[in-house]
1. What's the total number of residues in segment 100-130 that are outside any helix (DSSP H, G or I) and within 21 Å of F56 (Cα to Cα)?
2. Could you list, in sequence order, the residues of segment 39-57 that are open to solvent by less than 40 Å² (accessible area, probe 1.4 Å) and assigned to a helix (DSSP H, G or I)?
3. Kindly provide the set of residues from segment 131-151 that are surrounded by fewer than 16 Cβ atoms within 10 Å (Cβ to Cβ) and polar (S, T, N, Q), ordered by number.
4. A66 passes all but one of (1) within 25 Å of D38 (Cα to Cα); (2) assigned to a helix (DSSP H, G or I); (3) open to solvent by 40 Å² or more (accessible area, probe 1.4 Å); which number fails?
Amino acid sequence: MRNLKKFLALILAMVMAFSMMMTANAAHVGTQYSDEADVTPAFSEAVEVLTGMGVFQGDSGSFRPASNIPRAEVAVIIYRLATGDTGTDKMDLYTTRHPFTDVRSDAWYADSVAWAVENGIMHGTGGGILAPQGLATRAQTAQMLKNLMEQ
């Protein structure tokens, strides 16, 4: 049952990733988003479910449904879906396990990026750079999800 829930959550996340109408960041689970009315009705249930699971946590009380999503946020979403870790309990396990010069070990997404790299889900852009604030393309997001499914 737990794997089914993860799989369904992953499918919902993929749909949203392809439409680039999602975001994740380090706010509190269960908060209502100040821009909740801006979420397209077709995606509102998915947003509610993934927020309830702690996969989506908002950005200072906002959801930013029309914003593009940075690579670091994709890594966080995939990490939360795959591991079920939506808190900070395991953060120190991975923070220094990556080869990228542009990811500080104290960045809020460092553990997720390191986990994704260690598991072959995410790769850098070359030259020891990850470009965590660079916008994730649909192709990059699809490749990361494909890599996750091949685990």
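1. Residues meeting the conditions: 6.
2. F43, A46, V47, L50, T51
3. Once the filter is applied, which keeps residues that are surrounded by fewer than 16 Cβ atoms within 10 Å (Cβ to Cβ) and polar (S, T, N, Q), segment 131-151 yields Q133, T137, Q143, Q151.
4. (2)
The values are calculated or read from the model by the stated rules, or taken from the named source; none is laboratory data. As the structure is a prediction and not an experimental result, all values here were calculated from the model. Every residue, glycine among them, receives a Cβ derived from its backbone with ideal geometry; neighbour counts consider all protein chains shown. Just the protein is used for accessible areas: all its heavy atoms, side chains included, with ligands, DNA and RNA removed. Shrake-Rupley method; radii C 1.70, N 1.55, O 1.52, S 1.80 Å.
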